[in-house]
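The values are calculated or read from the model by the stated rules, or taken from the named source; none is laboratory data. All values derive from a computational prediction rather than experimental measurement. Please note: Cβ atoms are built from the backbone with ideal geometry, for glycine as well, and neighbour counts cover all protein chains shown. The protein model used for the area step is the full one, side chains on, heavy atoms only, and it has no ligands, DNA or RNA in it. Shrake-Rupley method; radii C 1.70, N 1.55, O 1.52, S 1.80 Å.
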Amino acid sequence: MQAAKNRISNSRGDTVYYVVSGILMTVLLAAALYPMIFVLSASFSSGDAVSSGRVVLWPVELNFEGYKTVFRNNDILRAYGNTLLYTVVGTVINVIMALITAYPLSFKNLKGRGFFMLLFTFTMFFSGGMIPAYININNLHMRNTLWVMVIPGALSVYNMIITRTFIQSSIPYDMYEAASMDGCSETRYFFSFVLPLSKAIIAVNALFSAVGHWNAYFNAMIYLDERAKLPLQNIMRELLVMNEMNLSDLIDPEQAILMLNSVAVLKYALIVVATLPILCAYPFAQKYFVKGVMIGSIKG
Amino acid sequence: MKNKSAMANFRRDYLSRWRLYLFLLIPIIYIIVFAYVPMVGAQIAFRDYDFTKGIWGSNWVGMKNFMKFFRYRDFGKILWNTLSVSLYSLLAGFPLPIILALILHSFPGKRYTKVVQTVLYMPHFISVVVMVGMIMQMFNPLSGVFGQAYQAVFGEMMPDIFSKPGAFGHIYVWSGIWQGLGWNSIIYMAALSGVDMELHESAQIDGASRFQRVLHIDLPAILPTACILLIMNAGSIMNVGFEKVLLLQNDLNRSRSEVISTYVYKVGLMSGGDFSYATAVGLFNSVVNFALLLIVNYASKKLGETSLW
C-alpha cells in the first residue's frame with residue numbers, strides 16, 4: 001500500500017497541489033504571526049523608533065520604558081488585580097455550574113430530562129435582550145458588586161452541553177449500574193467516579209471560562225460605576241481605544257506626533273502585559289481547547 | 001391496584017432520584033432568574049416603562065414602541081448596516097475555515113501542519129479590546145507600521161480608516177477573519193479525522209489525484225458539519241459582534257457602523273435611557289433572529305437530512 005501511495009502521489013498534479021497548499025499555509029502563518037511579533041517588538045523598542053517606522057519586525061533601540069510605565073501605573077495594576085479576582089472566582093463558579101447541570105442530565109433515563117434540556121438550550125437561541133437583563137440586575141441590587149462580574153454568565157449552556165456529551169460518551173453507564181448495585185448513591189457516584197474521570201472536561205471548561213472572563217469588558221462597563229473596581233480590559237479600552245480618538249482629533253500634526261511618540265510604546269507594552277498570561281498558557285492548554293471544540297461538534 | 005403501581009412508578013422514577021433533581025436545583029433557579037425573568041421583563045416593549053411603577057405596573061401602549069422604531073428615519077439604514085455587515089462576514093468568513101481545514105488535512109508534512117495550526121489558533125484568544133487597540137495602533141496614519149508602509153509606497157499619508165464610514169465593514173470582517181480563521185477550522189478538522197481511509201485508498205487506486213480526493217471525498221465529509229454551522233449562523237444573522245462594533249464606532253463612521261444592538265445600547269443605556277423603546281428594538285432583533293433560525297432549520301430539514309433538532 002505504501003508503495004502504491006508513493007507512486008501515485010509523485011504524479012505532477014499532486015506535486016503542484018502540495019506546493020500551492022504549502023505556499024498558502026505559509027502566507028497564512030505569516031499573516032497570523034506578523035502582527036503579534038510586531039506588537040511584541042514594538043513594546044521593547046524606543047518611542048522614537050516606533051513612531052519613525054524603524055520597527056519592522058525586531059525591536060529597535062531595545063528598552064523597557066513602556067513596561068516601566070505600565071508597572072508604575074496604579075490604575076493598571078489595580079485593574080490587573082481585579083481581572084485576576086473576577087477570572088478566578090468566575091471560572092470556579094462556571095466549572096461547578098457546568099458540572100452540576102451536566103451530571104444529572106447525562107442520565108438518559110432521568111424523567112423530565114428533555115424538558116430540562118429545552119429549558120436550558122432555549123436560552124441559547126432566544127433572550128429578553130440587553131435592557132430587560134439590565135433592569136433585572138439592578139432589581140437584584142447586584143450593581144457594583146463582585147457578583148455582577150461572575151454570576152450573570154455563571155452557566156454557559158454550550159459548556160454544559162459539551163460536559164454532558166463528555167460524561168455520556170466517556171464514562172460507561174455500566175459503571176454506574178455496578179456502583180449503584182453496591183449501594184452507591186448518585187451523589188457519591190458523582191464525587192467518587194464522575195469527578196475524577198472528568199479532569200479533561202473540567203480543564204476544557206476552566207480554560208474556556210477563564211479566557212472569557214479575562215477578555216470581557218461589556219458587563220463591567222455597564223454595571224460597575226466605581227473606577228477602582230474596573231477590570232483590565234476596561235482600563236485598556238480607555239487607554240487604547242478612546243484615547244486614540246482624541247489624538248487623531250488634534251489639529252496640529254506636530255503635537256500629535258510628539259504625543260504619539262511616548263504613548264505608542266506604552267500601548268504596545270500594555271497589550272503584551274494584558275495578553276501574555278493567556279498566550280503563555282496557550283501551548284500547554286491547546287490540546288484541551290481543541291478537545292473542547294471537538295466534543296462540541298458531536299451531536300449529543 | 002392500578003393506583004398502587006402508578007405510585008410505585010412515581011416513587012421509582014422521581015422520588016428515588018431526588019439527589020439528581022437536587023443537583024439541578026441551583027442551575028434551574030439560576031436560569032430562571034437570569035434568563036427567563038428578563039424574557040418576561042421584555043414585556044416592557046409593549047408598555048411605557050416607568051421606574052417608579054415597575055415592569056408590571058407601567059401602562060400598556062401596544063405596538064407604539066415598535067412603530068416608533070419602524071418610522072424612525074434611520075430605521076432602514078440601521079437594518080441595512082446590520083444585515084450587510086453580517087452577510088459580508090458570513091460570505092467572507094464562512095468558506096475560508098473550510099478551505100483551510102481541507103488544505104491542512106491533505107498536507108503531507110504533518111509537523112509543519114501542526115505548527116501552522118498552533119499559530120493560527122492563537123489570535124482567537126486576543127480580546128476585542130486588544131484587537132481593536134492593535135488595529136488602531138498599527139493602522140495609524142502617522143505612527144502605525146501599516147500607515148508608514150503606505151506612506152513609503154505611495155508617497156502620501158494613508159487615510160485614517162477609522163474616520164471613513166466605507167472602511168468600517170472591511171475592518172470588522174477582516175479582523176474577525178484574522179482572529180477566527182484557524183479556530184473555526186478546528187470543527188472541520190474534527191469532521192475530517194472521521195473520514196474512512198479506505199475511501200482514499202480505493203480512490204487512489206482508481207487514479208484520483210490528491211486534489212480530486214479533496215473535492216470528492218473530504219469536502220462531502222464535512223458538508224453536514226458546515227450545514228449545522230450555517231443554520232446556527234442564520235440564527236444570529238442580526239447579532240453583529242456588538243462588543244467589537246461598539247469599540248470600532250465613532251461619530252465619523254456612525255453612518256455605517258450603527259447596527260441594531262449598538263442602537264439599543266445607545267437609546268437604552270446612554271442617552272436618557274428610554275427602556276421601553278430600546279427593549280422593543282432589541283426584541284424585534286431577537287424575534288427576527290429566532291424566526292430565521294426556525295425557517296433555515298426547517299428548510300434544511302426538508303432539503304437534506306441535517307437539522308439542529
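Which one, B:G57, B:G235, B:G282, has the greatest fluctuation when you compute a Gaussian network model over chain B with C-alpha springs under 10 angstrom?
With Cα springs under 10 Å in chain B, the top fluctuation among B:G57, B:G235, B:G282 is at B:G57.
Enumerate the calculated ³J(HN,Hα) couplings along region A:150-155 in order (Karplus 6.51 cos²θ - 1.76 cosθ + 1.60, θ = phi - 60°), each rounded to whole Hz, writing x wherever the residue is Gly or Pro.
10, 8, x, x, 4, 10
Across region B:2-60, how large is the tail of the calculated P(r) beyond 20 Å, expressed as a percent of all Cα pairs?
Roughly 56 percent, once rounded to a whole number.
With viscosity set to 1.567 mPa s and temperature to 4 °C, compute the Stokes-Einstein D of region B:34-84, Rh being the Kirkwood radius across alpha carbon pairs; µm²/s, no decimals.
The calculation lands on 103 µm²/s.
What number results when the radius of gyration of region B:145-300, computed over Cα atoms, is divided by 2.2 N^0.38 Å? Write out the running numbers ahead of the final one.
Numbers: Rg = 22.3 Å, N = 156, 2.2 N^0.38 = 15.0 Å.
Rounded to two decimals, the normalised Rg is 1.49.
Find the percent of Cα-Cα distances in region B:52-203 that exceed 25 Å, and round it to a whole number. Before the final figure, lay out the partial values.
Working: 6485 of 11476 pairs.
Above the 25 Å cut-off, region B:52-203 has 57 percent of its Cα pairs.
Quick one: P(r) of region A:122-172 from all Cα-Cα pairs, 5 Å bins, percents rounded to integers, in order of increasing distance.
Distribution as computed: 4, 16, 18, 20, 14, 11, 8, 6, 3 percent.
Cα extents of the protein assembly as shown along the three principal axes, largest first, in whole Å?
Projected onto its principal axes, the Cα set of the protein assembly as shown covers 94, 81, 48 Å.
Once amide H atoms are placed 1.01 Å from N in the peptide plane, what residues at a sequence separation of 5 or more from B:R47, or on another chain, have their amide H within under 5 Å of its amide H?
Close amide H contacts, sequence-distant or interchain: B:V61.
Calculated from DSSP H runs of 4 or more alone, at -39500 (n - 2.57) each and per residue, what is the 222 nm mean residue ellipticity of chain B, nearest 500? Mind showing how you got there, number by number?
On the way: 18 runs with 207 residues, N = 309.
For chain B, the value works out to -20500 deg cm²/dmol.
Regarding region A:75-180, what whole-number volume in Å³ per residue does the convex hull of its Cα atoms give?
146
Over chain A, consider all pairs of different Cα atoms and compute the Kirkwood hydrodynamic radius from their mean reciprocal separation; express it in Å, one decimal. Kindly include the intermediate steps, with their values, before the conclusion.
Working: mean 1/r = 0.0427 Å⁻¹.
Evaluated over chain A, this radius sits at 23.4 Å.
Region B:1-83: which trypsin sites (Lys or Arg not before Pro) are DSSP loop and have at most 15 other beta-carbon atoms within 10 angstrom?
Filter output for region B:1-83: B:K53, B:R73.
Could you please state, rounded to a whole Å, how far the C-alpha centre of region B:33-81 is from the C-alpha centre of region A:13-92?
Region B:33-81 and region A:13-92 have Cα centres spaced 43 Å from each other.
Can you pull a Stokes-Einstein diffusion coefficient for region B:1-122 at 10 °C (1.306 mPa s), Rh from Kirkwood over Cα pairs, as a whole number of µm²/s?
Values: Rh = 21.7 Å.
Stokes-Einstein gives a translational diffusion coefficient of 73 µm²/s.
Heavy atoms of the protein only, probe of 1.4 Å, neighbouring chains included. What is the accessible area of B:L25 in Å², nearest 10?
Surface accessible to solvent at B:L25 totals approximately 90 Å².
Along each principal axis of its Cα atoms, how long is chain B end to end? Whole angstroms, biggest number first, please.
Over chain B, Cα extents along the principal axes are 69, 68, 36 Å.
Give or take rounding to whole Å, what are the principal axis extents of the alpha carbon atoms in region B:208-309, in descending order?
Result, largest extent first: 65, 31, 17 Å.
Translational D (Stokes-Einstein, µm²/s) of region B:166-231 at 20 °C and 1.002 mPa s when Rh comes from the Kirkwood sum over C-alpha pairs?
154
Just to verify a number: FRET efficiency for A:V56 and A:M124, C-beta to C-beta distance, R0 = 41 Å, to 0.05?
Taking R0 as 41 Å, the efficiency between A:V56 and A:M124 is 0.35.
Normalised by the number of residues in chain B, what is the relative contact order in percent for Cα pairs under 8 Å and 6+ residues apart? Present the calculation step by step, with values, prior to reporting the outcome.
On the way: 293 pairs, mean separation 75.2, N = 309.
Rounded, it is 24 percent for chain B.
Choose one of A:I295, A:A79, A:A210: the residue whose Cα lies farthest towards the positive end of the charge dipole of region A:69-300 (beta-carbon charges +1 Lys, Arg; -1 Asp, Glu; about the Cα centre).
So the residue we want is A:I295.
On a straight-distance basis, which lysines could pair with A:K111 in a cross-link, Cα separation under 25 angstrom, same-chain partners fewer than 8 positions away excluded?
Within the straight-line limit of under 25 Å, A:K111 reaches these lysines: A:K299, B:K2, B:K4.
Which of the DSSP-defined H helices in chain A satisfy a minimum axial length of 18 Å, computed from C-alpha atoms, and a minimum mean Kyte-Doolittle hydropathy of 0.0?
Sorted by number, the helices that extend far enough and score high enough are A:12-43, A:74-105, A:113-125, A:157-170, A:199-215, A:253-296.
Semi-axes of the equivalent ellipsoid of region A:107-237: what are they in whole Å, largest first, if each equals the square root of 5 times a C-alpha gyration tensor eigenvalue? Mind showing how you got there, number by number?
Working: eigenvalues 262, 64, 35 Å².
Semi-axis lengths for region A:107-237 are 36, 18, 13 Å.
Please get the size of the charge dipole for the protein assembly as shown, origin at its Cα centre, with Cβ charges of +1 on Lys and Arg and -1 on Asp and Glu, quoted in debye to the nearest 20.
For the protein assembly as shown, the charge dipole is close to 1840 debye.
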